[in-house]
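Following: one structure in C-alpha cells, then a few remarks.
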There are 2 protein chains.
Amino acid sequence: MDARVEPGHGDLRLENRVPHPNDPKLRSFVEVSQNSDFPIQNLPYGVFSTPAYPALRVGVAIGDVILDLAVLENEGLIDVSPAYGVFAQGSVNAFMALGPKVWSSTRAKISELLRHDNPHLRDNKELRSRALVPMADAKLHLPIAVSGYTDFYSSREHATNVGVMFRGKDNALQPNWLYMPIGYNGRASTVVVSGTGVKRPRGQLKPPTVEVPSFAPCKRLDFELEMGVVVGQPSAMGGMLTEAQAEEMIFGFVLLNDWSARDIQQWEYVPLGPFLAKAFATSISPWVVTREALEPFRVQGPEQDPAPLAYLRQGKPNNFDLELDVALRAAGMNEPARICHTNFKYMYWSSVQQLMHHASSGCAMNVGDLLGSGTISGPEKNQRGSLLEISWNGTEPVELPGGAKRSFLEDGDSLVMRGWCQGDGYRVGFGEVEGTILPAE
Amino acid sequence: MDARVEPGHGDLRLENRVPHPNDPKLRSFVEVSQNSDFPIQNLPYGVFSTPAYPALRVGVAIGDVILDLAVLENEGLIDVSPAYGVFAQGSVNAFMALGPKVWSSTRAKISELLRHDNPHLRDNKELRSRALVPMADAKLHLPIAVSGYTDFYSSREHATNVGVMFRGKDNALQPNWLYMPIGYNGRASTVVVSGTGVKRPRGQLKPPTVEVPSFAPCKRLDFELEMGVVVGQPSAMGGMLTEAQAEEMIFGFVLLNDWSARDIQQWEYVPLGPFLAKAFATSISPWVVTREALEPFRVQGPEQDPAPLAYLRQGKPNNFDLELDVALRAAGMNEPARICHTNFKYMYWSSVQQLMHHASSGCAMNVGDLLGSGTISGPEKNQRGSLLEISWNGTEPVELPGGAKRSFLEDGDSLVMRGWCQGDGYRVGFGEVEGTILPAE
C-alpha cells in the first residue's frame, strides 16, 4: 500500500514509518531477557546515581541497564525545548510538568533510540558507555518529589474483609462506600524508595483488655499492597475534572506499600481517621511505569451498582490487568515466600475516578501528588493484600516455609511486592518494592 | 554598676548594652500607633511584592510599613552568611531553614536597625525610600511554602461541644481524646493567604432524610478559628522529639481559618476522617509572628488530668495569652460584627505537645510544615470558634446587626479573624485573616 496516495490516513502512514512504542514486535539492541520487567515496550522513569558520578539524574530502565536521559539531552538526542536540564535533576517532577504531549513524544524518541535497527546509539561505543549504566552499579532514589500523598480505600474485597472482621457480615461496607472512593490525606514526608529500612514505630497502644494506653513499639505491624498513581499535571483550585482531564493528568504508576500499625490505628482513628499509624513510612518502587505503557492492558473494572453519580461516571475501561505478588522473607529464610497473588483489575473505584473525586470539592492537584489505590485484595483467600486479612486479624497465622508463623510482621522480616502486565512474549513490569523491618530501638 | 567588674553577669552586661527585642520600652523611628499589631516588639515575617517591583521578597511588618529584608541583605545590613539571598524569595522557608540561632540574631539586628535612637537607616533618606515600603502599596502573599498541613483538635471545649451535639452529654469526649492530641493530615495544596476568595465547595450530600446522596453545593459551610504553628526546622524519620527540641523547631504562628463543609464531612468521614470537606481552602494570615515575640505572653495551660504519658510531658508553660476575635460581614453590612471572642490560652494540648506527638511514631517533620491547633473555643458561649457551635448545629442562628441571621455561611459573607497579645502600652498582633465566600458557580 502506498501511503502517499491514501488521503486521510495520516496516522496509518506514521505507523508504517515509526512503530508505536507499545508495539509488541519491537526489539532493542540492549539485551532484554523474556522475564525482564523492562523490555523496550515499558521504558519506566526513575532517578539514579552512581559511585563514579554521584549527582542524581533521571533515567529509563531497559533490561538490566539504565539509559541516562541527562546524557542524551546533553548530546542533543532528546529535545524537550524550550525546557532544558529537566533530566539532570533529583526527581521526575520537572519532566512531568511538561505535560502529556512531551511525555509521549519523549517516550517515542527513547524507543526509537533503543530499537535494534537504529545504529545511532547502538554503534557509538563511546556514547553507549556514557549513556547506558548497568543497574547493578547504580543507586536508585525516590523517583518523585512527593507534593501530597493521598491514600484511598477502593478495593471492595478489602473493605468488606475489614468490615466483616470489625463490624460483622451485615454491616461490612459503610453506607458511603459504594457512592464514592473513600480516601484520606496521608503523610508525604515519609514516602521512601524501595530498599529503605522501616523502623518499627512506637505509639499509644490500648488493647481492649487494659484501662489506660501505654507508649510502646507497635505489636501489630502490617503491610498494605497498593498501586500508587503519580499525578504529573496540576489542576486549579476551585475546579473540577472530566474523565479525560483526569486521565491526561496521570503520568504513571508505582508499586506502593502502605505500612500500617494496626494497634496504633485502632486507638487513634476515631473520629478523624488514621494519622500516626500510617505516618512512619510508605514505600514505593523506584520505577514509574507510564500510563502509556499500560495502555495495552486496560480492562473493564467490576460493575458499579449503584451507578456512580454523574461527576464520577467513566466512559471507558480505566482498570488494568496487572498481576501483583507479595512475598515475605523472615530472618533465616533463603528466599521470600509468596503470601499473596492478586490483580489490580479487581479495584472497584478506578484511579481516574479517585482523581475526579479528589478534585471535585475544588481541591487543587499538584505535579508530584501520589495517590495510593488502597489495599488491593481479590475475591479469593490467597488474594488478600494485607496480613490483617491473610491472618484474619491474627486468628489464622500464615505458616512460612521452615515453620515460622506470622500474624503480623516481626523485626528482620523483609516484605517484597512485585507487579507486572503480561504481554505476548514480554511483560511490562514494575520491578519490586522491598522493605525490611528494623527494631524500634 | 560597672559590668566589667561583675564576673558571671555576661547576660546582664549584654542587656545593658543592647536591649532585648522584646523590651517593652523599645521605640522605633517608624511611627507606630498604640493600636497597631506591629510595634517594634513584634517584627513578624511575611512575603510581599509591589507594582513597581513585582518580584516576591521577604519583609518584616513595622507599623504601617514593610521593611524589605532583601534590600537590607543586599546593603550588607543583615548578614546570614554563609547563606545569601534567603530574603529574595517567594517564601520564608529558606530563612527558616537556617535555624533558631539565626532567627534570633536576625530579629535582634532588625530591632536594632529600627530603633528610634539608631541613625543608620533613620537618617539615610535614600535607603529608607528603598527599604521601607508602605503596606498599602504592597501585595501580601502566602508567607510559607507549605510542606505538609496537619490539623489538630485540641480544644477541650470545642471537642466537647461537638461531642454533645452529635453523641450526647455522656459520651461527649471520645475515650482517646484526653490521652493524645488527636489530629489528621490536611491538604497542603489549598492553603491560601488572607484575602483569597473561597468558592463554596461542591460535594456529596446525604442528609438523614434522603436515601441516596446528591452532588451539590455545600449547604452548611463553616469557619474554624485556629492558630497555625509554622515548623521551621526538620526532624529525622524514625526519631522522636524532646520538649526542648520541639520548641526550638517552632518558627512562629499564624492565624488560620480551617474552612469546613459540615454536610460533606458528615457523609464522607467514616471511617477514614475528614477529606474533601476540608480540602477546598484553608486561609492563613500573611504575617508569621515569631515564637520569640510571643515569649512575654507565655502562660500555663489548663491542668491535664490524666497526666500525659511521658513522651508528651512538658516542664514549662507552653500556652499563650493571645486574644482572638471573629467577625462576620454579610453582604450589605458596613462593617463586620463580632461573633466570637476567645483566647488561645484555653487550648488543652499545647503546640509543643502536638509536635512531640506528631513525630513520636517516627514521622519526619519538614521546614514549612503547618500545624493547625484545632478550633479554639473557650468555656463561655461567646467563645465558640465555629458557626456549628455558635448556632448549635443550626438550632440557634446568630442574629447580625441589620437583622440577618446565620446558621452557616452564605455567599458574599466575609469572615475576619484577628489575634493579638496585649502588652503594657503595646500589642503583639497578627493582623487578620479574611475570606469572602464566592458562589459555587
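The values are calculated or read from the model by the stated rules, or taken from the named source; none is laboratory data. Since the model is a prediction, treat every value here as computed from it, not as a measurement. Here the Cβ positions follow ideal geometry from the backbone for every residue, glycine too, while neighbour counts run over all protein chains shown. Note: areas computed on protein heavy atoms with side chains; ligands, DNA, RNA excluded. Shrake-Rupley method; radii C 1.70, N 1.55, O 1.52, S 1.80 Å.
Among residues that are open to solvent by 80 Å² or more (accessible area, probe 1.4 Å) and either part of a strand (DSSP E or B) or at pLDDT below 95 (or both), residue A:15 is included. Within the stretch B:197-234, being aromatic (Phe, Trp, Tyr), under 27 Å from residue B:353 (Cα atoms) and not in a loop (DSSP other than H, G, I, E, B) holds for no residue. Per the conditions (1) under 24 Å from residue A:265 (Cβ atoms); (2) of a type outside the set (Phe, Trp, Tyr); (3) buried (at least 24 other Cβ atoms within 10 Å of the Cβ), the sole criterion not satisfied by residue A:230 is (1).
Scanning the stretch B:84-138 for residues that are assigned to a helix (DSSP H, G or I), closer than 21 Å to residue B:54 by Cβ and open to solvent by 60 Å² or more (accessible area, probe 1.4 Å) yields a count of 4. Selection over the stretch A:262-301 of residues that are within 13 Å of chain B (Cβ to nearest Cβ), without any contact (Cβ under 8 Å) to a residue 24 or more places away in the chain and under 16 Å from the mean Cα position of the chain (by Cα) gives a count of 0.
The number of residues in the stretch A:304-319 that are hydrophobic (A, V, I, L, M, F, W, C) and in contact (Cβ under 8 Å) with a residue 40 or more places away in the chain comes to 2. Of the set (1) more than 21 Å from the chain's Cα centre (by Cα); (2) aliphatic (A, V, I, L, M); (3) in a helix (DSSP H, G or I), all apply to residue B:237 but (3).
Residues checked against (1) within 11 Å of chain A (Cβ to nearest Cβ); (2) crowded, with 21+ Cβ neighbours inside 10 Å; (3) over 21 Å from residue B:368 (Cα atoms):
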{"site": "B:152", "(1), (2), (3)": "yes, yes, no"}
{"site": "B:160", "(1), (2), (3)": "no, no, yes"}
{"site": "B:170", "(1), (2), (3)": "no, no, yes"}
{"site": "B:177", "(1), (2), (3)": "yes, no, yes"}
{"site": "B:185", "(1), (2), (3)": "yes, yes, no"}
{"site": "B:197", "(1), (2), (3)": "yes, no, yes"}
{"site": "B:209", "(1), (2), (3)": "no, no, yes"}
{"site": "B:216", "(1), (2), (3)": "yes, no, yes"}
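Every condition in (1) touching a residue at least 24 places away in the same chain (Cβ under 8 Å); (2) in contact with a helix residue (DSSP H, G or I) (Cβ under 6 Å, 6 or more places away or on another chain) is met by residue A:108 except one, and the failing one is (2). Can you find a residue that is closer than 27 Å to residue B:215 by Cα and either within 13 Å of chain B (Cβ to nearest Cβ) or modelled with pLDDT under 95 (or both) anywhere in the stretch A:218-231? Checked the stretch A:218-231: at least one residue is closer than 27 Å to residue B:215 by Cα and either within 13 Å of chain B (Cβ to nearest Cβ) or modelled with pLDDT under 95 (or both).
In the set (1) of a type outside the set (A, V, I, L, M); (2) open to solvent by 40 Å² or more (accessible area, probe 1.4 Å); (3) modelled with pLDDT of 95 or more; (4) assigned to a loop (DSSP other than H, G, I, E, B), the condition left unmet by residue B:402 is number (3). Among the candidates B:438, B:371, B:415, B:328, the residue that is of a type in the set (A, V, I, L, M, F, W, C) and open to solvent by 10 Å² or more (accessible area, probe 1.4 Å) is uniquely B:438.
Evaluate the stretch A:268-289: report whether one residue or more is in contact with a strand residue (DSSP E or B) (Cβ under 8 Å, 6 or more places away or on another chain), open to solvent by 20 Å² or more (accessible area, probe 1.4 Å) and more than 30 Å from residue B:367 (Cβ to Cβ). Within the stretch A:268-289, not a single residue is in contact with a strand residue (DSSP E or B) (Cβ under 8 Å, 6 or more places away or on another chain), open to solvent by 20 Å² or more (accessible area, probe 1.4 Å) and more than 30 Å from residue B:367 (Cβ to Cβ).
Scanning the stretch B:30-73 for residues being under 19 Å from residue B:118 (Cα atoms) and part of a strand (DSSP E or B) gives a total of 7.
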